[in-house]
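Right, one structure below, let's go through it.
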Amino acid sequence: MIHAQAITKTYDKRVLNDVTLEVPAGKTVSLIGPSGCGKSTLLRILMGLIQPDSGTIRIDGEELTKNNVLALRRNMGYVIQSGGLFPHLSARENLTLVTHYLGWTKKDEDQRIEELCELTNIPYASLERKPDSFSGGQAQRISLMRALMLDPNIILLDEPLGSIDPLVRYELQRDLKEIFSTLGKTVLLITHDLGEAAYLGNDIALMRDGEIIQQGPIVDIVNHPADSFVEQFVNAQRSPLEEI
Ligand code: ADP
Ligand code: MG
């Protein structure tokens, strides 16, 4: 379980203001909100990549500190919008960076990679290629494989499908949903698409200007918006049939 309690962070202006967020074990929470509202900053704080000015992060009840951050991070997989794969390494080398460092045998690495190829629908033999020889959707599948290599309980995704074209995106959303539920992972997914947030998340947390305005199931957010911002945000997502 991920628990962020009263997180505050200021750069030249306040970016996060007393943010409290919970992702229950085995559930997916979609974090959504306008660009610049603080989503990525919150996610980096959850990973311990940056420190908050105040507030605490607990991972499965254990408070995140300087001393345990590396150990706790091994239990978290991280996928970002651009994939974040190293371009000069083959896909396989990208997948095995950390396992290599941890001293896994080639046999163990291969076995894990084969499992993940099956899960993400990536042909094993293609992994000798460099990341830029894959399509955007395939590259994101490989990023997801990399995040899953150590079989973490927690997966954090920062707009993972943001740059993927609509048809592939639709397919990846379906696959992600299946993967999350099959594996029983605890997932925090950042998106700016309400449809995607609702499809993938058990709960949605809606953020504005460094604050979480409302967290709950999509039906509550649509039927009982906390304020006019939430209402506007919901209404701003155009349905394809609206213009007909
Ligand atoms: P989001 O992911 O919701 O688009 P971010 O968390 O990336 O938003 O950024 C929130 C705000 O914090 C933005 O105004 C951004 O410019 C600012 N910000 C983020 N990182 C830094 C930084 N390292 N230094 C200064 N300002 C930052
Ligand atoms: Mg962001």
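Tabulated values for the structure
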read-out: Qualifying positions in segment 119-150 - closer than 24 Å to GLY103 by Cα, exposed (fewer than 13 other Cβ atoms within 10 Å of the Cβ) and of a type outside the set (A, V, I, L, M); value: GLU128
read-out: Strands (runs of 3 or more DSSP E) completely within segment 1-87 that count 1 or more residues being of a type in the set (Gly, Ala, Ser) and farther than 30 Å from GLN237 by Cα; value: 54-59
read-out: Test: residue in segment 94-108 that is within 16 Å of ligand 2 (Cβ to nearest atom) and not hydrophobic (A, V, I, L, M, F, W, C); value: no
read-out: Complete set of residues in segment 49-63 that are over 15 Å from LEU16 (Cβ atoms), surrounded by 13 or more Cβ atoms within 10 Å (Cβ to Cβ) and in contact with a strand residue (DSSP E or B) (Cβ under 8 Å, 6 or more places away or on another chain); value: ARG58, ILE59
read-out: Filtered residues of segment 182-192 (kept if of a type outside the set (A, V, I, L, M), within 16 Å of ligand 2 (Cβ to nearest atom) and at pLDDT 90 or above); value: THR191
read-out: Test for GLU196: is it away from ligand 2 (no atom under 16 Å from the Cβ), more than 12 Å from the chain's Cα centre (by Cα) and charged (D, E, K, R); value: no
read-out: Count of segment 1-58 residues which are more than 10 Å from ligand 1 (Cβ to nearest atom), among the charged types (D, E, K, R), out of contact with any His (no Cβ under 9 Å at 6 or more places or on another chain) and farther than 16 Å from VAL187 by Cβ; value: 2
read-out: Those residues of segment 29-47 which are at pLDDT 95 or above and closer than 13 Å to HIS3 by Cα, in sequence order; value: VAL29, LEU42, LEU43, ILE45, LEU46
read-out: Selection from segment 118-138 of residues that are over 11 Å from ALA91 (Cα atoms) and touching a Leu at 6+ places or on another chain (Cβ under 7 Å); value: THR120, GLY137
read-out: Filtered residue count, segment 1-38, keeping only those that are farther than 19 Å from THR56 by Cβ and not aromatic (Phe, Trp, Tyr); value: 12
read-out: Test: residue in segment 65-88 that is in contact (Cβ under 8 Å) with a residue 40 or more places away in the chain, out of contact with any Pro (no Cβ under 8 Å at 6 or more places or on another chain) and more than 24 Å from ILE190 (Cα to Cα); value: yes
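The values are calculated or read from the model by the stated rules, or taken from the named source; none is laboratory data. Note that this is a predicted model, so its numbers are computed, not measured. Note that each Cβ is placed from the backbone with ideal geometry, even for glycine, and that neighbours are counted across all protein chains shown.
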